[in-house]
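The values are calculated or read from the model by the stated rules, or taken from the named source; none is laboratory data. Just so it is clear, the structure is predicted and the values come from calculations on it, not from any experiment. Note that each Cβ is placed from the backbone with ideal geometry, even for glycine, and that neighbours are counted across all protein chains shown. We work out accessible area using only protein heavy atoms, side chains counted, and drop any ligands, DNA or RNA first. Shrake-Rupley method; radii C 1.70, N 1.55, O 1.52, S 1.80 Å.
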Amino acid sequence: MKVGDKVSLIIGHESPLGFSVLIDESVEGLLYKNEVFQELREGQSLDGFVKKIREDGKIDVALQPQNFKKAIDGLTAAILKKLELNDGIINLTDKSTPEDIKSQLQMSKKNFKKAIGILYKERKITLTKEAIVLVKK
């Protein structure tokens, strides 16, 4: 197992730091709470990615790919899908609160801003004071 590997996770108990996880049904790991943008429940199975293997042998995992290109591709795809499902408009901007972004798109404000920046540069969206608008082809 190495950093960046896709792994299967089973969610364990929640602590103030995050969630204990069972990685590939054999190794314990930790999923930090501040990197979770969806509801999780104990016993839930889902895919994750090895984020870091610490010197003490413990493994940190994430739910998003750790390769920047793969992660951003997933974020931009999520925004485009949300736009398509909402008649080409999302009532979010770079001034929206982190909570609003998390509730609508299940991502952090930092990642949201990176993704909309890329979509804007690719001329796939326009930005208004009130919303993100999908560019009609």
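Fully extended, how many nm does the chain gain between LYS110 and ASP5 (0.36 nm per residue separation, minus their Cα-Cα distance)?
The LYS110-ASP5 span can extend by a further 35.5 nm.
Within the chain, the longest segment free of exposed loop sites, counting GluC sites (Glu not before Pro) that fall outside DSSP classes H, G, I, E and B and have at most 16 other Cβ atoms within 10 Å, spans 56-121. Placing unit charges on the Cβ atoms of the charged side chains and taking the dipole of the chain about its Cα centre, the candidate lying farthest along the positive direction among LEU31, ALA77, GLN106 is ALA77. With contacts taken as Cα pairs under 8 Å at a separation of at least 6 residues, the chain carries a relative contact order of 19 percent. Would you work out what percent of the accessible area of the chain, with all protein chains in place, is carbon or sulfur (probe 1.4 Å)? Of the solvent-accessible surface of the chain, carbon and sulfur hold 51 percent.
When the Cα positions of VAL133, ILE59, GLN44 are compared along the charge dipole of the range 1-134, VAL133 comes out farthest toward the positive end, with charges on each C-beta of Lys, Arg, Asp and Glu. Extension gain for LEU127-ALA78 works out to 16.0 nm (0.36 nm per residue, less the C-alpha to C-alpha distance). The average projected area of the chain, computed from the convex hull of its Cα atoms over all directions, is 9.2 nm². Compute the long axis of helix 109-121 from its Cα atoms, compare it with the longest principal axis of the Cα atoms of the chain, and write down the angle in degrees, 0 to 90, nearest 10. For helix 109-121, the angle is close to 50 degrees. About its Cα centre, the range 1-89 has a charge dipole of approximately 300 debye under the convention of +1 per Lys or Arg Cβ and -1 per Asp or Glu Cβ, with nothing else charged. Heavy-atom accessible surface of the chain, averaged per residue, reaches 65 Å², computed with a 1.4 Å probe. Gain on full extension, evaluated as 0.36 nm per residue between GLU25 and ASP94 minus their Cα-Cα distance, stands at 20.9 nm. Rounded to the nearest 500, the 222 nm mean residue ellipticity of the chain from helices alone is -9000 deg cm²/dmol, with -39,500 (n - 2.57) taken per DSSP H run of at least 4 residues.
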